[in-house]
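The values are calculated or read from the model by the stated rules, or taken from the named source; none is laboratory data. Quick caveat: nothing in here was measured; it's all calculated off a predicted structure. With ideal geometry, Cβ positions are generated from the backbone for all residues, glycine too; neighbour counts draw on all protein chains shown.
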Amino acid sequence: MPRYPALIAVIILVFGGMLFAFASVQASATPPIAADTASQATPTFDIARLAQPPTVFPPAQADNGAQTYWGMCMACHGDRGQGLTEEWRNSFVPDQRDCWQSGCHGSDYPENSFEIPTAGAPAIAGSGKLARFSNAFELHSHIQKNMPFFPPGSLTSEEAWSLTAYVLRLNDRQLAGFTLKGINGSAIPVHRKVNLPESEIPGSLILVGVLILTAIGLNLQINRNHAGSIALSVRPNFFHHLHPPSIPAEQSRFRYTLGAGGLAVFLSLILLVTGLLEMYYYVPTPGQAAISVETIVTLVPFGNLVRNLHYWSAQFLVIVMTLHLLRVVLTGAYASPRRFNYLLGLGLLVFILLLNFTGYVLRWDEGIRWALVVGANLLKTIPWIGDGVYQFVIGGSEPGPATLTRFYTWHIFGLTLGASILIIWHAFRVRRDGGIAVPPPSERKEKNRITRFELLGREVLTMVIAGVVVLLFSLIVPAPIEGPISDASAITSDSRAPWFFLWVQQLLKLGDPFLWGVFTPVLVVIVLGLLPYVLPNARSEELGRWLPSGNRIAQALVVLIILVILALTVLGAVSG
Amino acid sequence: MNETPYLSRRDFIKFSTHALFGLAGLLGLGGLVRYFSYLPDPGPPTEFDLGDVASYPVGSRSLRLDIPAVIHNREGEIVAYSLICTHLGCTIENDGDEFACPCHGSRFDKNGVVLKGPAQRPLQKLRVNVLEDNTLRLYTDGGRK
């Protein structure tokens, strides 16, 4: 008998509980919200899932993203990136579960609140998700443009990058110790794991060390030879044979030649080798060009070094060639019989500038956009033939895929072939014209000669030293690259010309584009070319030293031209 | 010049310099090998979801040309064969109950056995798993079962 009341109580409790449960199921089923039917989990409020993620020190980029995500994104996209599922909604405190009806931060709905899209918030993690983004750059652009919902576009670029890193982490794409940026994001795919290469610095520094030791050894050898015990019995090799058996010592003085011609050849060789290497990974299509460059820099082992070597050698080459031109003018060396070779050299300078410009355009990133448009439109201003030249260079009525293919072909084939022929011809003419300019034998004060063994030794030594300098520079200073071209960033992109054409950009501000942008630069080249034919030349006995009196006018003119170009370049660089 | 049985200073410097030059070259070569070690292409996918088990009834043979593979329900046991010819990799075509390669004329029966050369090996059998939710997943890298 005493058991009955207990039994009745149990029955009442069970039925009551069932009624209550039924009622609450009814209640929670009412909001017509996109529900993941697969995850109709028991409604549970779980404070732990809503807690702020612990701070990590030092924070990785994704850790910063985790904090931002918690504050701004998690309410809709879920603690695991599952999106606004029923299961996620039920982990909230009951009276906050339907804020998508009342508006979030809902007491003052709709003034400062917002409605969650009726379609719900999509899942952002898991297989098959984020299908429309192929790389981190695209994901970042989307986040920055469209997120958060209140209001879109309010994130800084940096916040959007850390969120990108966090979303990648939610998708099991860990990027330990790597910082996503505008200049590497497009190299990081969303849908597959990548291996970040090991640092290239230790290997490169070992190479630099070995090269420095080599330079010391070479220097000792050369000094040894200079002491008089030159091994004439040694069989000359191929490289010795490229030189005369011996040359007057004054032709090989570094303070006379600056080693500029030899350095230019060396830099050209670096460009040839590194350029060939880049061609293995570079993809010359508008959609892939910038991405492939970023891939070379970010993911290919030693790719960053290779690209930096290519870039910096090209920039140094322009400087070295200008110094070479200045040397030849300020020593009067360009006079007959060397005036034809002087023209070949000028032609080479033009070729190298064109190679630098086409190479710059091959990046096909935000940075080149306006320089390409301006450069191409300059061609249109040429009277009569302008439209034809534009069509020939651009391959259409505006820059597009054909432009990139043409620039690529010119860069790796047409211009490279032309420049190679000119280099060989120029070097041949140096020897044909009697070597580097010195007075005739009867006028020479110094009778010493050096053998080709010593000459080659000095050349190799110079190359090794230059190699160390270019290597170290390339390790320290990254070559510029920006994000792929997209319509969104058209306004913010850099509108400056590459540095070697900044002077032309400054001239263009003066007025008529043809007069200042095409005619004037061409006139400069023509004036330089006419020097040996029009102005008085240095006398033969004055050769072999700086600032001979015979060609003072030409010296002044060229120094003036170069100073003006330099001033315009500096002006263009600082006016930004 | 003095004849000396020992390595002279000059020879030592010359030898060391050459050795260092060679070492620099080797280092460069090592870097080059590393440079070329990067694989830009992740390769084709190796897992394919085939959908519900029920859509492959007993006795059915379904072609999936995107894999490419044939999925065959052989009396309740689901087997899959790659449609890549084992001769030189062309995609073979369904020809009645058999398969024919359009490139060099190899023929295979419905169980992948070579009927006619030049192919030597039978078609690759692909692993198919039934997942928890009763859907099928096919693996092209699983090799022969």
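Observations
- Residue among A:Asp63, A:Asp79 that is part of a loop (DSSP other than H, G, I, E, B) and modelled with pLDDT of 55 or more: A:Asp79
- Subset of the stretch B:37-53 that is within 30 Å of A:Val273 (Cα to Cα) and more than 7 Å from chain A (Cβ to nearest Cβ) - its residue that is modelled with the highest pLDDT: B:Leu39
- Any hit, the stretch A:301-312, residues being within 14 Å of another protein chain (Cβ to nearest Cβ) and of a type in the set (Phe, Trp, Tyr): yes
- Residue match in the stretch A:506-513 (condition: touching a residue at least 60 places away in the same chain (Cβ under 8 Å), assigned to a helix (DSSP H, G or I), in the same structural domain as A:Ala260 (by TED's automatic domain parsing) and buried (at least 20 other Cβ atoms within 10 Å of the Cβ)): no
- One residue from A:Leu461, A:Leu455 being within 16 Å of A:Pro248 (Cβ to Cβ), touching a residue at least 24 places away in the same chain (Cβ under 8 Å) and aliphatic (A, V, I, L, M): A:Leu455
- Test: residue in the stretch B:6-21 that is away from chain A (no Cβ under 14 Å), farther than 27 Å from A:Arg192 by Cβ and either surrounded by 15 or more Cβ atoms within 10 Å (Cβ to Cβ) or at pLDDT below 85 (or both): yes
- Listed by position, the helices (runs of 4 or more DSSP H) enclosed by the stretch A:184-261 that each have at least 2 residues that are within 14 Å of another protein chain (Cβ to nearest Cβ) and modelled with pLDDT under 80 are A:201-226.
- Search result, residues across the stretch A:262-283 that are within 14 Å of another protein chain (Cβ to nearest Cβ) and not acidic (Asp, Glu): A:Leu269, A:Ile270, A:Val273, A:Thr274, A:Gly275, A:Leu276, A:Leu277, A:Met279, A:Tyr280, A:Tyr281, A:Tyr282, A:Val283
- Looking across the stretch A:276-312 at every residue that is part of a helix (DSSP H, G or I) and over 14 Å from the mean Cα position of the chain (by Cα), the one that is surrounded by the most Cβ atoms within 10 Å (Cβ to Cβ) is identified as A:Leu277.
- Scanning the stretch A:440-448 for any residue that is in a loop (DSSP other than H, G, I, E, B), surrounded by 14 or more Cβ atoms within 10 Å (Cβ to Cβ) and in the same structural domain as A:Ala335 (by TED's automatic domain parsing) turns up at least one such residue.
Each row is one residue, and each column tells you yes or no for (1) in the same structural domain as A:Arg339 (by TED's automatic domain parsing); (2) outside any helix (DSSP H, G or I); (3) modelled with pLDDT under 90; (4) not aromatic (Phe, Trp, Tyr).
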position: A:Val504; (1), (2), (3), (4): no, no, no, yes
position: A:Leu515; (1), (2), (3), (4): no, no, no, yes
position: A:Thr520; (1), (2), (3), (4): no, no, no, yes
position: A:Val524; (1), (2), (3), (4): no, no, no, yes
position: A:Val527; (1), (2), (3), (4): no, no, no, yes
position: A:Leu531; (1), (2), (3), (4): no, no, no, yes
position: A:Pro536; (1), (2), (3), (4): no, yes, no, yes
position: A:Glu541; (1), (2), (3), (4): no, no, yes, yes
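- Residue in the stretch A:424-437 that is surrounded by the fewest Cβ atoms within 10 Å (Cβ to Cβ), counting only those that are hydrophobic (A, V, I, L, M, F, W, C) and in contact with a Phe, Trp or Tyr (Cβ under 9 Å, 6 or more places away or on another chain): A:Ile436
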